[in-house]
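The numbers here are math on the coordinates, done by the rules we state, and not lab data. Remember, predicted model here, so these are calculated numbers, not experimental data. Here the Cβ positions follow ideal geometry from the backbone for every residue, glycine too, while neighbour counts run over all protein chains shown.
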Amino acid sequence: MVCLGKGVPSSETLLSVKGASKSFGGLKALSDVSVAIASGEIYGLIGPNGAGKTSFFNVITGLYQPDSGHFELAGKSYSPQSIHGVVEAGIARTFQNIRLFPEMTVLENVMVGRHCRTRGLHAGVIGAIFRTSGFRAMERGIRDHALGLLNYVGLAERSSTMACTLSYGDQRRLEIARALATEPVLLALDEPAAGMNATEKNSLRELLKRIRDDGKTILIIEHDVKLVMGLCDRVTVLDYGCVIASGLPQQVRRDPAVIEAYLGRAAAHEAQP
């Protein structure tokens, strides 16, 4: 059994991003983007193709260096300068294109994620070479924790299976389990429903709700607007690298700027009361 830490959504800000900007040559991918994600919520980031969603994700998770912006995580200044530093700070992410270790077992994939939280002499080269009692105990603990997470996401029976043989939906679940193994305070999911059928999406929705209800904060970018609107507590919409709307799903879906971004100016005009 794995305890993610019981909690409820609160008004306490977990991740604060103010004025984030990023350019690639003459292309402005992000322009003064600000978001505030509360602890214990599922926060959605949506927008048309090319809106800047992935660029924003890559900035806050250390893949891109921002040109400007102020970042805080759990009330402390946060500098997303490197991928390993981001993980150590408490943000774990998945990718739109699945990035598992295909020739490793399901269990081994999750154990890899857990190793970033191991510390001390037994976690180093000496312990591994001499197989000290401390090292063996540490490995048992990592294995048990990984098995608990596989049970949590519904993959315990596939623990000895090669990751490459899993169905698409199960590979997504495995990625989430591996991310959870790093003990993140924020779980960042990049297009987790991409390529899923309706049944897999429903299963994913229930899993993410369970993770949220167990105290984790989730940031999700997704093309499936229906999924986001039915899942997220709050939503921000980007278009051409700028925030055009932010708020509760029922407010955002009626915003004329959002309707125009997705459907065009005529549709936005027709949506006016």
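Take 220-232, 52-64, 157-169 and order them by the average number of nearby Cβ atoms within 10 Å per residue, most first; the result is 52-64, 220-232, 157-169. When you count the other C-beta atoms within 10 angstrom of each residue and take the mean per peptide, 246-257, 37-48, 12-23 line up highest first as 37-48, 12-23, 246-257. Taking 7 Å steps out from each Cα toward its Cβ at Ser21 and Tyr262 produces label points 3.0 nm apart.
Here's the list of lysines a cross-link from Lys216 could span, going by alpha-carbon distance under 24 Å and ignoring same-chain residues fewer than 8 apart: Lys6, Lys18, Lys53, Lys76, Lys201, Lys226. Could you tell me which of rounded, prolate or oblate describes segment 14-78, using a ≥ b ≥ c as the square roots of the eigenvalues of the alpha-carbon gyration tensor, with rounded for a/c under 1.5 and, failing that, prolate when a/b is larger than b/c and oblate otherwise? Oblate shape, in that a/c is at least 1.5 and b/c is the bigger or equal ratio. If a paramagnetic tag sat 7 Å from the Cα of Glu12 along the Cα-Cβ line, which residues of segment 47-85 would have the backbone N under 13 Å from that point? 74-76, by backbone N distance to the label point. Evaluate E = 1/(1 + (r/R0)^6) for Ser34 and Glu206, where r is the Cβ-Cβ distance and R0 equals 25 Å; express this FRET efficiency to the nearest 0.05. Calculated transfer efficiency: 0.20.
Modelled label positions at Asp214 and Asn97, each set 7 Å beyond Cα in the direction of Cβ, lie 3.0 nm from each other.
Where does the charge balance sit around Glu206 when Lys and Arg score +1, Asp and Glu -1, over other residues with C-beta under 14 Å from its C-beta?
With Lys, Arg at +1 and Asp, Glu at -1, the net is +4.
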